[in-house]
Amino acid sequence: MTGPATFSVALANETATARLMADVALLIGPGDTVTLSGDLGAGKTAAARAMIRYLAGDDELEVPSPTFTLVQSYELPPFPLLHADLYRVEDPSELDEIGLSPLPDGVVALIEWPERAPGAMPSDRIDIALSHRPALGSMARAAEITGHGKAAAQVERLAALRSFIETSGYAEAERRHMPGDASTRSYARLMRDGESLILMNAPRRPDGPALYAGKSYSAAVHLAEDVRPFVAIAGGLRERGFSAPAIHHADLDSGFLITEDFGTAGFVDGTPPEPIAERYQAATDMLAALHGQSLPETLPLPQDDYAIPAFDTEAMLIEVGLMPEWYLPDRGAPASAALCGEFLAMWRRLLDDFADETRTWVLRDYHSPNLIWLDARSDIARVGVIDFQDAVLGPAAYDVVSLLQDARIDVPEALELALLGRYIKARLAADPGFDPAGFARLYAVMSAQRNTRLLGTFARLNRRDGKPQYLRHQPRIWTYLARSLAHPSLAEMRAWYQANVPPPL
């Protein structure tokens, strides 16, 4: 068992304190505890306020000191947070009365004056000890940051992150919080002299234990476990005229990147959000242009080459297996071993029919949350793509499904069919040998595969990862799945699903 990890930071003013707290916020999540210790007036509340405002994305948010209330709670976009002040606590048993012993599950706890109840503090925590440094200025502080228990690794990563930002020349940049995604990655905007760049924190991490022939889920289905695939695919797309972010600074070993910022202009609009037809047309045209090219299977990286993995039958089977593993038990219909075997055998027969299909780059999550509209560019270069690190070599239809059956928003069936026709027309114009009927069948199969996997993925995100917000997309996914199962070639699968798979709530 390793001991605590510690490093120190000089903070010239409250702006520097805010930058430090933003960097800490980039690395924490639900279940983490950050304690703030130091004498009266050392700046503990100012540091807590800076972190809360950063996470809220609101510099004017009212963040009162909890000296008298003892605890203030905040429902912040990334997670709920408790801000506590233990200065008035006279006995650790009082923490039971205010809901801090034990700490609630699924929240970040930000606690001032932890020394008032040291025995009640979690063994895994980040402590930030603040002290005055009047010789350096009236607002100057020093922060000694210590990671205890499992948080030692977080503090080591924090030291590496701040070193990377400083070496890249952005130590003085303002940090702006960005929403995360379903992965372990986190992001911030770096603002300096009118310039905005994206800081990506992508720690190397497999997705779960080695349950799939000795591999984690991410390794078995070829999800990226570090930043190398992102850097390689970004370079490959830009080299071919597509709009992927330029990489300005990279630490491939640690998993830190500073990239071009494409802004926030999206592909949907309204309440509830609906597709912007012109932009979806451009996104469809981009796929047709990409799939019409002869693309390499290996791409260069600074130290070595990156071989794009193949999205083979085994990987697709593991993906669809998430549905009986996670979704069916949630719906009160757990599948027996025999039924699971029947399910996988049916899928194997179907997928093996396409084993010899021409392979192209499958970006894999090519849908509205990962597309940025770049109005200053022209034609398909207006389609900025920001999430492609999980790219594989597979069927062209997969990304077309990802776009036209967007898991996050409703794509009307009429628009889906019009855009599918647009894609097929573009492919035919470039290649008279393109097979529209064969592509339509492959589209239906990839739709069934993707949406089956998503039912299981979103159930897993809820139950395993504590992210219930993804469950609201399941009815939409079910609608898309029904569309694909209506294809005549999927009659056997349609009957099996009707008999064994209940719809989402």
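General remarks:
- Among (1) assigned to a helix (DSSP H, G or I); (2) modelled with pLDDT of 95 or more, the one test that Ala219 misses: (2)
- Top-ranked residue in region 396-438 [being over 25 Å from Pro369 (Cα atoms) and either touching a helix residue (DSSP H, G or I) at 6+ places or on another chain (Cβ under 6 Å) or small (Gly, Ala, Ser) (or both); ranked as surrounded by the most Cβ atoms within 10 Å (Cβ to Cβ)]: Arg427
- Some residue of region 87-95 being under 35 Å from the mean Cα position of the chain (by Cα), assigned to a loop (DSSP other than H, G, I, E, B) and farther than 23 Å from Leu55 by Cβ: no
- Flag for Thr457 being closer than 21 Å to Leu350 by Cβ, under 16 Å from the mean Cα position of the chain (by Cα) and either β-branched (Val, Ile, Thr) or not in a helix (DSSP H, G or I) (or both): yes
- The selection criterion, being open to solvent by less than 30 Å² (accessible area, probe 1.4 Å), within 26 Å of the chain's Cα centre (by Cα) and polar (S, T, N, Q), holds for Thr313.
- Residues that are hydroxyl-bearing (Ser, Thr, Tyr) number at least 1 in the following helices (runs of 4 or more DSSP H) confined to region 265-358: 277-291, 313-320.
- Any hit, region 131-154, residues being outside any loop (DSSP other than H, G, I, E, B), touching a residue at least 40 places away in the same chain (Cβ under 8 Å) and charged (D, E, K, R): yes
- Where a residue in region 75-91 is in contact (Cβ under 8 Å) with a residue 12 or more places away in the chain and its partner, wherever it lies, is open to solvent by less than 60 Å² (accessible area, probe 1.4 Å) and among the basic types (Lys, Arg), with Cβ under 9 Å and at least six apart: Asp85/Lys44
- Look at region 486-505: where a residue is farther than 22 Å from Phe458 by Cβ and a partner is open to solvent by 30 Å² or more (accessible area, probe 1.4 Å) and among the charged types (D, E, K, R), sitting 6+ places away or on another chain with Cβ atoms under 6 Å, you get Ser489/Arg441.
- Positions within region 184-225 being open to solvent by less than 40 Å² (accessible area, probe 1.4 Å), polar (S, T, N, Q) and under 20 Å from Ile247 (Cβ atoms), in sequence order: Ser186, Ser196, Asn201
- Enumeration of residues in region 38-49 that are on the phi < 0 side of the Ramachandran plot and open to solvent by 20 Å² or more (accessible area, probe 1.4 Å): Asp39, Leu40, Thr45, Ala46, Arg49
- Complete set of residues in region 347-363 that are among the aliphatic types (A, V, I, L, M), surrounded by 15 or more Cβ atoms within 10 Å (Cβ to Cβ) and closer than 25 Å to Thr284 by Cα: Leu351, Val362, Leu363
- Given (1) touching a helix residue (DSSP H, G or I) at 6+ places or on another chain (Cβ under 9 Å); (2) more than 16 Å from Glu115 (Cα to Cα), number of the condition Gly31 does not satisfy: (1)
- Restricting region 60-84 to residues that are over 13 Å from Arg49 (Cα atoms) and of a type in the set (Phe, Trp, Tyr), the residue that is most open to solvent (accessible area, probe 1.4 Å): Phe68
- Being under 22 Å from Val383 (Cα atoms), crowded, with 19+ Cβ neighbours inside 10 Å and in contact with an Asp or Glu (Cβ under 6 Å, 6 or more places away or on another chain) is a property that does not hold for Leu257.
- Scan of region 114-128 for residues that are in contact (Cβ under 8 Å) with a residue 60 or more places away in the chain and open to solvent by 30 Å² or more (accessible area, probe 1.4 Å), ordered by number: Glu115, Pro122, Asp124, Arg125
- Those residues of region 188-224 which are closer than 21 Å to His248 by Cα and without any contact (Cβ under 8 Å) to a residue 40 or more places away in the chain, in sequence order: Met191, Arg192, Asp193, Gly194, Glu195
- Yes/no for Leu103 being open to solvent by less than 40 Å² (accessible area, probe 1.4 Å) and either among the aliphatic types (A, V, I, L, M) or at pLDDT 90 or above (or both): no
- Considering region 22-55, the residues that are free of Cβ contacts under 8 Å to residues at least 60 places away in the same chain and assigned to a helix (DSSP H, G or I) include one that is nearest to Ala202 (Cα to Cα), namely Met51.
- Odd one out for Ala232 among (1) buried (at least 18 other Cβ atoms within 10 Å of the Cβ); (2) in a loop (DSSP other than H, G, I, E, B): (2)
- Count of region 485-501 residues which are under 32 Å from the mean Cα position of the chain (by Cα), part of a helix (DSSP H, G or I) and farther than 20 Å from Phe439 by Cα: 2
- Scanning region 370-416 for residues that are in a loop (DSSP other than H, G, I, E, B) and among the β-branched types (Val, Ile, Thr) turns up Ile386, Ile409, Val411.
- Members of region 317-368 found to be over 30 Å from Gly438 (Cβ atoms) and charged (D, E, K, R), listed by number: Glu325, Asp330, Arg331
The values are calculated or read from the model by the stated rules, or taken from the named source; none is laboratory data. What you see is a predicted model; the values in this text were computed from it and never measured. Counting neighbours? That spans all protein chains shown, and the Cβs are built from the backbone with ideal geometry, glycine included. Note: accessible area is taken over every heavy atom of the protein model, side chains too, but ligands, DNA and RNA are not part of it. Shrake-Rupley method; radii C 1.70, N 1.55, O 1.52, S 1.80 Å.
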